[in-house]
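Please read the structure below before turning to the comments.
The values are calculated or read from the model by the stated rules, or taken from the named source; none is laboratory data. Everything quoted here is computed from the prediction, not taken from an experiment. Positions of Cβ are generated from backbone atoms using ideal geometry, with glycine treated the same way; all protein chains shown enter the neighbour counts.
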Amino acid sequence: MASASQWLQAARPRTLPAAVAPVLVGTGAAAYADGAVWWKAALALLVALALQVGVNYANDYSDGVRGTDADRVGPLRLTGAGLATPQAVKAAAFAAFGVGAAAGLALAATSAWWLLAIGAVCIVAAWYYTGGSKPYGYAGLGEVAVFVFFGLVAVNGTEFVQTGHFSWTGLIGSLAIGSLACSLLVVNNLRDIPGDTVAGKVTLAVRLGEAGTRRFYALLVTLPIAGSIAIAVITKNWWTLASLAYAAPAAQGARTVSGEARGPALIPALGQTSMAELVWAAGVGLPLLLR
C-alpha cells in the first residue's frame, strides 16, 4: 500500500502554486480597492488548494481505471502504479472536494449565495475532466477548463468574496494567471502525447501535434507580459512591474519545451512553469497588498 509520502507525491505539490497564485492576485486586487479581508483570503486559498488536490486525485483515479496510466512517464499516480486501490483514491478525491465545499459554503454565506452554484460547477468540472463516460479532458477541452476555473473564476472569485465586486485589475490578472495555468497543463499533455494517443485520450496537444503544442506553450507564457504592463498602468503602482521577473523561469521552461525534449526530459519544465506563475502572482499581488 502507498505510504504517506507517496500519497503526498500523488497530490502533486509541484502544481500547488497554481492554487496559491490566483488567490494572491485576487487578494492584491481586493487590497487595491481597499477591500482585502484576510480570513476570506485564507478561506479562498483553502478552496483553491482543496480543489487542486481533489482534481489531482480524481485524475489519478479516472486515468488509472481506464488504463491511460499504464505507460506513464510523469509524476507518480497511485492507481496506475497499483499502490492504492481505486476506491481509496476516489475517496481521497471526494474528501478534498468536501473540504473545498465546506470552505466555499462559508464564503458564500458571508458574500453571495449564488457562489454555491459556481462552486458546484467547479467540483463537477474537476471530476468530469477525466471522469465519467465522456470526459472532456479526453476531447481537447482541458486547457479551456483550466483557463476558466484556475484563472478567471479563481482570481475574480477571490476578489469578489472580499470586496463584493469585480475590477479591471482582477480581470486582467485572471487572464494572465489563466494563461500560465494553461501552460502547465500544456507541458503535461506534450509529455504524454505518445501514451495519450495510444489510449485514445485526444488532448489539445494530440490535436496540435508536438510542434504546434510547443508553439502554443510559447504563446501562453508570453501573454502575461501584457498583463504586467496593463496592471501597472491601471493601478499606477509601478512596483507591479516586478512581475516581469517571471520571465526568468518562464524562459527556462520555454527553452525546455521549444527544444527536442520528450517524455521525462520535459518534467523540469513543470517546475519552471509553476515557478513562473508564482513569481508573476507575487510580483503583482504583493505590491498591491503592501502599497
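If the condition is being closer than 29 Å to residue 135 by Cα, outside any helix (DSSP H, G or I) and of a type outside the set (S, T, N, Q), then the stretch 202-239 contributes 202, 223.
Filter the stretch 161-189 for residues that are farther than 17 Å from residue 143 by Cα and among the hydroxyl-bearing types (Ser, Thr, Tyr); which is surrounded by the fewest Cβ atoms within 10 Å (Cβ to Cβ)? That would be 167.
Answer with yes or no whether residue 73 is at pLDDT below 95, touching a helix residue (DSSP H, G or I) at 6+ places or on another chain (Cβ under 8 Å) and surrounded by fewer than 24 Cβ atoms within 10 Å (Cβ to Cβ). Taking the combined requirement at face value, the residue satisfies it.
Taking the condition free of Cβ contacts under 8 Å to residues at least 60 places away in the same chain, more than 24 Å from residue 27 (Cβ to Cβ) and among the basic types (Lys, Arg), does residue 214 pass? Considered against the rule, which asks whether it is free of Cβ contacts under 8 Å to residues at least 60 places away in the same chain, more than 24 Å from residue 27 (Cβ to Cβ) and among the basic types (Lys, Arg), residue 214 comes out as yes. Among the numbered conditions (1) at pLDDT 85 or above; (2) in contact with a helix residue (DSSP H, G or I) (Cβ under 8 Å, 6 or more places away or on another chain), the only one that residue 39 does not meet is (2). Among what's in the stretch 209-230 and is under 21 Å from the mean Cα position of the chain (by Cα), within 17 Å of residue 171 (Cα to Cα) and not small (Gly, Ala, Ser), pick the residue that is surrounded by the most Cβ atoms within 10 Å (Cβ to Cβ). Selected residue: 224. For the stretch 225-242, name all the residues that are within 17 Å of residue 290 (Cα to Cα) and of a type in the set (A, V, I, L, M, F, W, C). Residues satisfying the conditions are 231, 232, 234, 238, 239, 241, 242. Being assigned to a loop (DSSP other than H, G, I, E, B), in contact (Cβ under 8 Å) with a residue 40 or more places away in the chain and surrounded by fewer than 16 Cβ atoms within 10 Å (Cβ to Cβ), is that true of even one residue in the stretch 37-52? The answer is no, given that none of the residues of the stretch 37-52 is assigned to a loop (DSSP other than H, G, I, E, B), in contact (Cβ under 8 Å) with a residue 40 or more places away in the chain and surrounded by fewer than 16 Cβ atoms within 10 Å (Cβ to Cβ). Among the candidates 120, 106, 145, 176, the residue that is small (Gly, Ala, Ser) and over 24 Å from residue 37 (Cβ atoms) is uniquely 145.
Against the numbered list (1) farther than 28 Å from residue 135 by Cα; (2) modelled with pLDDT under 95; (3) touching a Phe, Trp or Tyr at 6+ places or on another chain (Cβ under 9 Å), residue 260 comes up short only at (3).
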